[in-house]
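Note sheet for the following structure.
Only the coordinates and a few stated rules stand behind these numbers; no lab work does. Please read these numbers as outputs of a predicted model, since none were measured by experiment. Because the Cβ atoms are built from the backbone with ideal geometry, glycine has one as well, and the counts that use them run over all protein chains shown.
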């Protein structure tokens, strides 16, 4: 045990906790927690937080003075670490809350985490489903929150330089420091790991960043760990998964892709983890929105990173379709109009692209009628860019065309056409269900306006 304790103390060269001068109460609560859990790492240094309310923030910042102060505090900590030659760094925020068994679980996690780690997220929120690495360890694709995170080696400089890229920050002026670091995670150049479940949450109380009273927060890792009793796919099943055809529906917002996806699902297609009426897989939606900001459609992840993310998601999507005995899998999100070439790099073949077409003016009016906060401005510009990107890509690639008017006006013929594209022979009952789905959409305001 003595050797284990010594090893833990040497895990990080420096440990700092960010604390405002005007919050001595927070510092006392933090110190009390360290004693209660028998803090296993190096002694914690208090970092005098930059008080955004006192120093103010640039005019372009839209996240508030508190968030700006937090951003600059993290940036300053990284800068000092680089100047001092620190090779491993643990950054804490004073509103954290340790798990009661933190010491033991931290030891177990560090014993299991791959030695090639660049960053560790001890607490936080996954904006994209992480990848299972081993029992108790996941790899982070896009992590949020900075109340307990570690950096090592090259990643300290990379994070510092990334946060210093204010030209990119200007494109997303409402981003907090954790959002900015999340875009670095997405590039896939660094190995970021997290414990499953989390070791650290955020305590209840008044937030110095948002100014709101926050409840205790300890986010679900959203990672599905395989059960020992779950049947595993053998080699033949894995090969079968690779043969699952993909039907990629391409079109801007409110173009009818959701309606087409609904019809395809009635014909046996696998939709994925759909949690909204637009027939979008949750993880694919998060992936797309992490790569491009809505509505400006600013690129946050370069093509190489997008290919990696899409490959991982599509592999799991096909695997799930094979497990559930679906003959094909549906892929749908408006931002895929910007990622056609990325999809080709991933899929190579066994993929059918379908252009779902609706008059631009109609789709813009429908989008504006939805009154989504994201598209209060810039709706037309976003639609025009998505449409142009899709058509430019499809001009160079084999594809099929189906129109919104056909889907709504003649659902039987449209369903038959989509079945032919998917390579399936639908039953009479499936065709009836597909038509019923379209007809039911007429009574839904959401589907009625956009499909």
Could you tell me what % of all Cα pairs in segment 2-214 have separations over 27 Å?
27
Highest first, please rank the peptides 62-74, 16-28 by the mean number of other Cβ atoms sitting within 10 Å of their residues.
62-74, 16-28
Helix 303-323 axis, angle to the chain major axis (alpha carbon atoms, nearest 10°)
60
Give me the one-decimal Kirkwood hydrodynamic radius in Å for segment 235-450, with the sum taken over alpha-carbon pairs.
17.3
Percentage relative contact order, the chain, counting C-alpha pairs under 8 Å, at least six apart
14
So what is the diffusion coefficient of segment 90-171 in µm² per second by Stokes-Einstein at 37 °C and 0.692 mPa s, using a Kirkwood Rh over Cα pairs?
230
So, R0 is 51 Å and r is the distance between the beta-carbons of residue 299 and residue 239; what FRET efficiency does that work out to, to 0.05?
0.90
One would report the antiparallel percent of DSSP beta bridges in segment 2-214, rounded to the nearest 5, as 65
Go through 252-261, 119-128 and give me the packing order, highest mean Cβ count within 10 Å leading.
252-261, 119-128
The chain: antiparallel DSSP beta bridges as a percent of all, rounded to 5:
50
On a 0 to 90 degree scale, rounded to 10, what angle separates helix 411-422 from the longest Cα axis of the chain?
60
With N set to the residue count of the chain, report its C-alpha Rg divided by 2.2 N^0.38 Å to two decimal places.
1.09
Whole-percent tail of the Cα-Cα distance distribution for segment 1-83, cut at 19 Å, equals 51
At R0 = 30 Å, how high is the FRET efficiency between residue 432 and residue 324 if r is their beta carbon distance? Nearest 0.05 is fine.
0.85
How far apart, in nm, are the 7 Å Cα→Cβ label points at residue 44 and residue 164?
2.9
Estimated [θ] at 222 nm from DSSP helical runs (n ≥ 4, -39500 (n - 2.57)) normalised by residues in the chain, nearest 500
-13500 deg cm²/dmol
